[in-house]
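Undergrad: Just dropping this structure here.
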Amino acid sequence: MPDKQEKDFNQLVKDNHASIYRICRAYLYDISHANDLYQEILYQIWISMHNFSGKAKVSTWIYRVAVNTAISYNLKNKKHDHPSLPEEVQFPYEDTMPQKIEQEIQLDHLRYCISQLESENKLIISLVLENKSYKEIAEITGTNVNQVGVKINRIKARLLKLMQIRR
C-alpha cells in the first residue's frame, strides 16, 4: 500500500498534469524534449514536496517548481534551439477533417511562437491560457496586478506579430 507522500504526489500529478505539460510545451517546442522536461518536473516535485510550506496554493507552488525546472533544463541543454517549423506538416491519417488539420496547424504554430518568447513571458502567457486570474499570475510571477495586465497586452501583441510572420 502506498504511503501518504506517494498518494499526495499521485494526486498532485493527477490534478496538475495538463498545466505542467503546457509549461513544458511552452518552454520546449520539440515534443520529445518536452516529455523529458515533464519527467524532470515530476522528479523535482517529488523531491521537494517536503519543502512545501502551504503559504501559497499548491497550484502556485507547482507552477514555480515547473518553471524553475524548465529554466534550469533549458540552461543545461542549450541544444534545444528551436528549429523552424517544416513548410508542410505531415499528419498520419489522411481521412482527418480539413478543419481539424487546420486547427492542429494553428495550435502547433502558436506553440512554436510561444516557444520564441522570453522565459517570463512564456510563463505569463501559459498562465493566461490556464485561465489564471491577474491576481494569481501576479502571485506566481512575483509582480503586481497592474504590471501583469501591461505584460499580457505586450505579450499578446508580440505573439500576434510572430503568428503573422509565417502566414
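Undergrad: Apply 1/(1 + (r/R0)^6) to the Cβ-Cβ distance of Gln116 and Asp8, taking R0 = 35 Å, and write down the FRET efficiency to the nearest 0.05.
TA: Efficiency at R0 = 35 Å is approximately 0.45.
Undergrad: What are the trypsin sites (Lys or Arg not before Pro) within the range 20-56 that DSSP puts in a loop, where the Cβ has at most 16 other Cβ atoms within 10 Å?
TA: Here the sparse-neighbourhood loop sites are Lys55.
Undergrad: If you don't mind, another one. Suppose R0 equals 22 Å. What FRET efficiency, 1/(1 + (r/R0)^6) with r the Cβ-Cβ distance, do Met163 and Lys76 give to the nearest 0.05?
TA: It comes to 0.15.
Undergrad: Take peptides 157-163, 34-40 and line them up by average Cβ neighbours within 10 Å, highest first, as a rough protection proxy.
TA: Highest-to-lowest ranking by the protection proxy: 34-40, 157-163.
Undergrad: Oh, and also: How much length, in nm to one decimal, is gained on full extension between Val150 and His50, taken as 0.36 nm per residue of separation minus their Cα-Cα distance?
TA: 32.4 nm
Undergrad: Hand me the GluC sites (Glu not before Pro) from the range 110-167 located in a DSSP loop with no more than 11 other Cβ atoms within 10 Å, in residue order please.
TA: Values: sites: Glu118, Glu120, Glu130, Glu136, Glu139; in loops: Glu118, Glu130.
Here the sparse-neighbourhood loop sites are Glu118.
Undergrad: Per-residue counts of other Cβ atoms within 10 Å, averaged by peptide: what ranking do you get for 56-69, 104-117, highest first?
TA: 56-69, 104-117
Undergrad: Quick check: from the Cα gyration tensor, does the range 15-70 come out rounded (a/c under 1.5), prolate or oblate?
TA: It is prolate, given that a/c is not under 1.5 and a/b is the larger ratio.
All of the numbers you see were taken from the coordinates with simple rules; none came from a lab. Please read all numbers here as calculations on a predicted model, not as lab measurements. A quick note on method: Cβ atoms are made from the backbone with ideal geometry, for glycine too, and the neighbour counts reach across all protein chains shown.
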